[in-house]
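Since the structure comes first, as structure tokens, the remarks are kept for the end.
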Amino acid sequence: MPGLRCLLTPLLLAALCPPALGLQHGPAKIAVVGGGIGGSASAYFLRQKFGPGVQLHVLEKEALGGRLHTVDMEGAAYEAGGTVIHPLNLHMKHFVKELGLSVTSPESSLAGVYNGEEFVFEESSWSILNLLKLLWHYGLNPLRMSMWVEDILDKFMRIYRYQMHDYAFSSNERLLHAIGGNDFLQLFNQTIDEAMQKAGFSQKFINEVVCPAMRVNYGQGVTINGFVGAVSLAGVQPGLWSVKGGNKLVCSGLIYSSKAEVIPGTVVSIEPKTRPSRGGDPVKVYEVTYNTSSGLTGDTYDIVLIAAPLGRKLANITFRNFDPPIPEFLNPYRQAVTTFVHGRLNASFFGYHDPQAFHLGTIFTTDNPKLFIHSLGVVSPVGDTDSKLPFLAVWKVFSKEELTKEQLNLLFSSYDSVKAKRWLAYPEYSPPEKFPPVILDEQLYYLNGLEQAASAMEMSAIAARNAALLAFHRWHGHSASIDQEDLHEKLKTEL
Ligand SMILES: Cc1cc2nc3c(=O)[nH]c(=O)nc-3n(C[C@H](O)[C@H](O)[C@H](O)COP(=O)(O)OP(=O)(O)OC[C@H]3O[C@@H](n4cnc5c(N)ncnc54)[C@H](O)[C@@H]3O)c2cc1C
Ligand SMILES: *[C@@H]1O[C@H](CO)[C@@H](O)[C@H](O)[C@H]1NC(C)=O
Ligand SMILES: *[C@@H]1O[C@H](CO)[C@@H](O)[C@H](O)[C@H]1NC(C)=O
Ligand SMILES: *[C@@H]1O[C@H](CO)[C@@H](O)[C@H](O)[C@H]1NC(C)=O
Ligand SMILES: *[C@@H]1O[C@H](CO)[C@@H](O)[C@H](O)[C@H]1NC(C)=O
């Protein structure tokens, strides 16, 4: 008696009584590919929208967290991937609160900008002196920059209101257009250099202040698109925070709270299938094939969300027998290497004759081909820093290639341990940007195309919420909640 069995528990319901009457019933089973912040936030938002009846699987080939990952060094853990979160990243803020996690702020240290020959700017511990130095070097450029970034951020914040009201967008262009219209889209058609020159910033300021921020955040210079450039500049503003214990705790927390099941395996292919239904019309499902420690296996799902960058060198998923076929994903990702070094910096490498006079804890760099690093800085562990602080500092170095022994011997006068983590870190940014689609098939969605606008934890969370809303509205035929024009004006009167 299936009718009786269905009363046992709501969670069994989906498994025992697949929807027979078509799409007005919820989906029985949803797969999320990838257990990074995008995938785990997807699980959270899918559960929120589809309710307790649906079975959620998160397929993950490595560890939960993805590009949120810590490295152990001298008995403490340090963030090796995504590290800082902006105070106005509202999804990340909400997750941390919801999960009862604590936050920490990075310890501040004095920063300098090195151009390969000398420091073009050095902070001192005297804040009034810093202000005067900034004015002397760059006039009102720094102040105007804050306002310029603020203006972009103000527009960007509109996405939260749209999502709070359950609106979804069928493409990344439409989502970005809804935020700020053609003016905003224009940011993706020009470099940050062009955008800031047009806005009247001096070339000296762009080279010595803006460029170093691009290099530390995205390993690229001022040729990246204007929006990811602005995100980078916001990433050096005050008030940044991280999750105590490691940002990846948000991923495991969201998966736990969404009651999703994590399936360890590498997804190798996805293929559409039809399943006969009692209602008459055949139902489309997706067969997801994945490789586990015990070999190839698979399962079928009503809805699939892909929350990992697609491409042969990345997630490497083959889409079989789709009509029309799903094109190859060619957007290249850029390599970046994070190296942790427990040691003493070689101040004379940075032109200091008297190492005692060296007091900087963060070194940014300008675009100089002879520099083999993007930035370096002293870092604190993700957990509580008890009294047993290491005698020598732990430095985190960003570079494009892995550092050779010779390079380490130049940067450090002595060191006792080194750990490196290599990433295919973020898209290669090069305007005009072309965005991959969100909808790959009827109920097959792709989140990471939004990274082509800017890669950040919050962007993955926004893409996750959009995809969950889109899947829900398309399943139930709520077309009025998709791609609404002039939302900003419409919602103004609603509050
Ligand atoms: C060095 C570095 C520094 C950064 N700094 C910051 C920062 O300070 N602030 C910030 O906001 N952002 C930062 N970012 C960016 C941020 O980390 C990413 O944008 C974000 O973590 C991406 O999350 P995601 O879930 O979309 O992708 P990912 O974290 O890449 O998750 C994808 C997951 O899918 C899995 N996967 C891939 N293919 C398959 C497959 N075929 N089958 C099964 N599983 C698969 C992967 O193992 C991975 O776990 C940084 C990134 C790097 C690399
Ligand atoms: C950006 O450039 C593309 C072509 O590269 C063009 O189709 C698009 O209309 C441009 N967008 C804006 C907002 O100017
Ligand atoms: C599956 O994984 C095993 C071991 O990890 C590997 O040898 C094999 O080639 C993989 N198969 C496919 C189809 O990727
Ligand atoms: C992608 O996967 C296919 C098998 O599915 C394999 O033959 C190929 O070598 C993989 N490509 C890369 C770059 O790993
Ligand atoms: C430090 O840097 C200087 C200048 O680049 C270099 O000559 C020296 O070999 C480096 N190493 C040590 C241990 O001083």
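The values are calculated or read from the model by the stated rules, or taken from the named source; none is laboratory data. Quick caveat: nothing in here was measured; it's all calculated off a predicted structure. Don't worry about glycine lacking a Cβ; one is built from the backbone with ideal geometry, like all the others, and counts go over all protein chains shown. We work out accessible area using only protein heavy atoms, side chains counted, and drop any ligands, DNA or RNA first. Shrake-Rupley method; radii C 1.70, N 1.55, O 1.52, S 1.80 Å.
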Test set (1) open to solvent by 50 Å² or more (accessible area, probe 1.4 Å); (2) without any contact (Cβ under 8 Å) to a residue 40 or more places away in the chain - Gln407 fails condition number | (1)
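Here is a check on your reading of the model: is Phe340 away from ligand 3 (no atom under 16 Å from the Cβ), assigned to a loop (DSSP other than H, G, I, E, B) and closer than 30 Å to Ala453 by Cα?
no
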Just for region 242-273: of the residues that are open to solvent by less than 10 Å² (accessible area, probe 1.4 Å) and among the polar types (S, T, N, Q), which one is farthest from ligand 2 (Cβ to nearest atom)?
-> Ser258
Of all residues in region 410-435, count the ones that are of a type outside the set (D, E, K, R), within 23 Å of Val33 (Cα to Cα) and in contact with an Asp or Glu (Cβ under 9 Å, 6 or more places away or on another chain).
-> 3
Only one of Glu451, Glu428 is away from ligand 4 (no atom under 16 Å from the Cβ), under 30 Å from Ile303 (Cα atoms), under 21 Å from the mean Cα position of the chain (by Cα) and surrounded by fewer than 22 Cβ atoms within 10 Å (Cβ to Cβ), namely Glu428
So which pairs qualify, if the first residue must be in region 248-275 and under 15 Å from Gly65 (Cα atoms), the second must be within 16 Å of ligand 2 (Cβ to nearest atom), the Cβ gap must be under 9 Å, and the two must be at least 6 apart or on different chains?
-> none
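Regarding Gly239, is this residue over 15 Å from the mean Cα position of the chain (by Cα), on the phi > 0 side of the Ramachandran plot, modelled with pLDDT under 95 and open to solvent by 10 Å² or more (accessible area, probe 1.4 Å)?
On the way: over 15 Å from the mean Cα position of the chain (by Cα): yes; on the phi > 0 side of the Ramachandran plot: yes; modelled with pLDDT under 95: yes; open to solvent by 10 Å² or more (accessible area, probe 1.4 Å): yes.
When the stated conditions are applied, Gly239 passes them.
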Of the residues that make up region 249-263, is at least one touching an Asp or Glu at 6+ places or on another chain (Cβ under 6 Å) and within 30 Å of Ile363 (Cβ to Cβ)?
-> no
Verdict on Lys49 being at pLDDT 95 or above, basic (Lys, Arg) and more than 19 Å from the chain's Cα centre (by Cα) | yes
By residue number, the members of region 73-96 that are under 16 Å from Lys421 (Cα atoms) and at pLDDT 95 or above are Ala77, Tyr78, Glu79, Ala80, Gly81, Gly82, Thr83
Out of region 266-308, which residues are within 15 Å of ligand 4 (Cβ to nearest atom), of a type in the set (Gly, Ala, Ser) and within 28 Å of Tyr426 (Cβ to Cβ)?
-> Ser269, Ala308
Whichever residue in region 52-71 is of a type in the set (A, V, I, L, M, F, W, C) and open to solvent by less than 40 Å² (accessible area, probe 1.4 Å) and, among such residues, is nearest to the chain's Cα centre (by Cα) = Leu68
Applying the selection to region 150-168, what residues are among the hydrophobic types (A, V, I, L, M, F, W, C) and either open to solvent by 60 Å² or more (accessible area, probe 1.4 Å) or under 19 Å from the mean Cα position of the chain (by Cα) (or both)?
-> Ile152, Leu153, Phe156, Met157, Ile159, Met164
Return a yes/no flag: does region 334-357 have any residue that is open to solvent by less than 20 Å² (accessible area, probe 1.4 Å), small (Gly, Ala, Ser), under 22 Å from Gly38 (Cα atoms) and free of Cβ contacts under 8 Å to residues at least 40 places away in the same chain.
-> no
Filter result for Leu305 (open to solvent by less than 20 Å² (accessible area, probe 1.4 Å), assigned to a strand (DSSP E or B), closer than 30 Å to Asn217 by Cβ and in contact with a helix residue (DSSP H, G or I) (Cβ under 9 Å, 6 or more places away or on another chain)) = yes
Given Glu79, Glu74, which one is farther than 30 Å from Val268 by Cβ, in contact with a His (Cβ under 9 Å, 6 or more places away or on another chain) and crowded, with 21+ Cβ neighbours inside 10 Å?
-> Glu79
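Taking the conditions exactly as written (open to solvent by 70 Å² or more (accessible area, probe 1.4 Å) and either in a loop (DSSP other than H, G, I, E, B) or in contact with a Leu (Cβ under 9 Å, 6 or more places away or on another chain) (or both)), does Asn331 satisfy them or not? Break it down stepwise before answering.
Values: open to solvent by 70 Å² or more (accessible area, probe 1.4 Å): no; either in a loop (DSSP other than H, G, I, E, B) or in contact with a Leu (Cβ under 9 Å, 6 or more places away or on another chain) (or both): yes.
No.
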Please work out which one of (1) within 16 Å of ligand 4 (Cβ to nearest atom); (2) outside any loop (DSSP other than H, G, I, E, B); (3) open to solvent by less than 20 Å² (accessible area, probe 1.4 Å); (4) under 30 Å from Asn217 (Cβ atoms) is the condition Gly311 fails and give its number.
-> (2)
Would you check if there is a residue in region 373-392 being over 22 Å from Ala76 (Cα atoms), crowded, with 18+ Cβ neighbours inside 10 Å, touching a residue at least 40 places away in the same chain (Cβ under 8 Å) and not small (Gly, Ala, Ser)?
-> yes
Does Pro238 satisfy the condition of being within 16 Å of ligand 4 (Cβ to nearest atom) and either in a loop (DSSP other than H, G, I, E, B) or of a type in the set (Lys, Arg) (or both)?
-> no
Is region 356-367 home to any residue that is under 29 Å from the mean Cα position of the chain (by Cα) and aromatic (Phe, Trp, Tyr)?
-> yes
Quick count over region 109-137, residues being at pLDDT below 95, of a type in the set (Ser, Thr, Tyr) and either open to solvent by less than 40 Å² (accessible area, probe 1.4 Å) or touching a strand residue (DSSP E or B) at 6+ places or on another chain (Cβ under 9 Å) (or both), is 2
